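All of the numbers you see were taken from the coordinates with simple rules; none came from a lab. Computed from a prediction, not measured in an experiment: that's the story for all the values here. For neighbour counting, all protein chains shown are included, and Cβ atoms are generated from backbone atoms with ideal geometry for every residue, glycine included.
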Amino acid sequence: MKKALLSAAWLLTLLAAALLAFQAGRAAAPAPSLGETFYAVVDQIDGSSLAVTGLEVNDINHRGEFTFSVEEDTVLEWRHAPLTLAELEPGDTISVTYTGAVLESYPAQLQDVVRVQLLDDEK
């Protein structure tokens, strides 16, 4: 009887440790990504359209030239604070997150850009 009680206590302790480890791992896991993100330099701003060139730190698919439109639902931010399109300038370094297709033209056209984040230190 004593061995059975000791075995049950050991099994419960092992299950509790496994559950705690699972919860800790789940909490530390990164959130699922919302589309693709790459880094670029703004080349030109024409109304609500941007022309950008991807940086060398990106993977090979995001090093070229791209154009996209900033829609009403596109999040523009700098240091997690709202930003307006008028505050962006050619030469600014940005990150671009998109969920839609990439039209294979020259320059490539991004669809459904969801976030543009200014990465420069000063604004």
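Numbers for the structure displayed
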{"item": "Debye, to nearest 20: dipole size of the chain, +1 on Lys, Arg Cβ, -1 on Asp, Glu Cβ", "result": "1540"}
{"item": "Whole-number D in µm² s⁻¹ for region 1-56, Kirkwood Cα-pair radius fed into Stokes-Einstein, 20 °C, 1.002 mPa s", "result": "129"}
{"item": "Added length on full extension, which subtracts the Cα-Cα distance from 0.36 nm per residue, residue 7 to residue 41", "result": "6.0 nm"}
{"item": "Mean separation of Cα contacts under 8 Å (6+ apart) over length of region 43-123, as relative contact order %", "result": "30"}
{"item": "Estimated inter-spin distance, residue 93 and residue 121, nm [label 7 Å along Cα→Cβ]", "result": "1.0"}
{"item": "Pairwise centroid distance, computed over Cα atoms, of region 1-25 with region 102-120, Å", "result": "51"}
{"item": "Cβ-based net charge around residue 74, under 13 Å, with every Lys or Arg adding one and every Asp or Glu removing one", "result": "-4"}
{"item": "Net charge contributed by nearby residues that have their C-beta within less than 14 Å of residue 102 (K/R +1, D/E -1)", "result": "-4"}
{"item": "Acute angle (nearest 10 degrees) that the helix 2-28 long axis makes with the longest principal axis of the chain, alpha-carbon atoms", "result": "10"}
{"item": "Rough spin-label spacing in nm, given labels placed 7 Å along Cα→Cβ, for residue 53 and residue 24", "result": "4.8"}
{"item": "Of 103, 11, 76, the one that fluctuates the most in a GNM where the chain has Cα springs shorter than 10 Å", "result": "11"}
{"item": "Charge dipole of the chain about the Cα centre (unit charges at C-beta), most positive-ward option of 58, 8, 84", "result": "8"}
{"item": "Convex hull volume per residue for the chain, taking Cα atoms only, in Å³", "result": "168"}
{"item": "Highest-MSF residue in the chain out of 98, 39, 106 [GNM, Cα springs under 10 Å]", "result": "106"}
{"item": "Cα-centred dipole magnitude for region 78-123, charges only on beta-carbon of K, R (+1) and D, E (-1), debye, nearest 20", "result": "180"}
